[in-house]
Amino acid sequence: MSQYLDSKTPLSPHITVYSWSLHIVVSVCSCDTGMALGSGVSLFGLSSLRAPGNFESHFQVCTFFPLTYHISNEIRHLMRDPGRGLKIPQLYQSGVAIFVLTVLSSVGLAAT
């Protein structure tokens with residue numbers, strides 16, 4: 001390990017080395033929404049105790065978009081596990097489909 005520390009080179013590439021494309025953004029968003037859902041449940045519980053007004057609208061705003069995005073993207077991930085849809089054009093198509101499905105399903109859930 002000391003030879004790597006003495007070599008003055010990074011152990012792994014920095015994030016600025018990569019060019020950001022849609023499938024990277026989708027992956028980062030999936031991680032972010034997973035963390036947001038985990039911490040959001042706790043924050044929602046605390047904030048709904050103190051928030052004046054309509055509890056249902058507060059719940060819809062805090063929950064539906066990250067929940068539908070995370071579920072949709074995890075279904076996409078499960079479809080890729082057997083090796084399907086791993087080519088770049090297919091990754092872009094499924095990424096756009098996830099964003100469209102997320103918007104439509106979260107608006108649909110909020111309207112009910």
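The values are calculated or read from the model by the stated rules, or taken from the named source; none is laboratory data. Everything quoted here is computed from the prediction, not taken from an experiment. Note that each Cβ is placed from the backbone with ideal geometry, even for glycine, and that neighbours are counted across all protein chains shown.
Brief remarks follow.
- Matching residues in segment 82-97 - criterion: being among the small types (Gly, Ala, Ser) and closer than 24 Å to THR68 by Cβ: GLY85, SER94, GLY95, ALA97
- Selection within segment 83-112 - touching a residue at least 60 places away in the same chain (Cβ under 8 Å), farther than 16 Å from ASN73 by Cβ and surrounded by 11 or more Cβ atoms within 10 Å (Cβ to Cβ): none
- Pairs, first closer than 23 Å to ILE98 by Cα and charged (D, E, K, R) in segment 30-58, second in a helix (DSSP H, G or I) and at pLDDT 75 or above, C-beta under 9 Å, six or more apart: ASP32/PRO66
- If the condition is being closer than 16 Å to SER21 by Cα and under 16 Å from the mean Cα position of the chain (by Cα), then segment 74-112 contributes LEU91, TYR92, SER94, GLY95, VAL96, ALA97, ILE98, PHE99.
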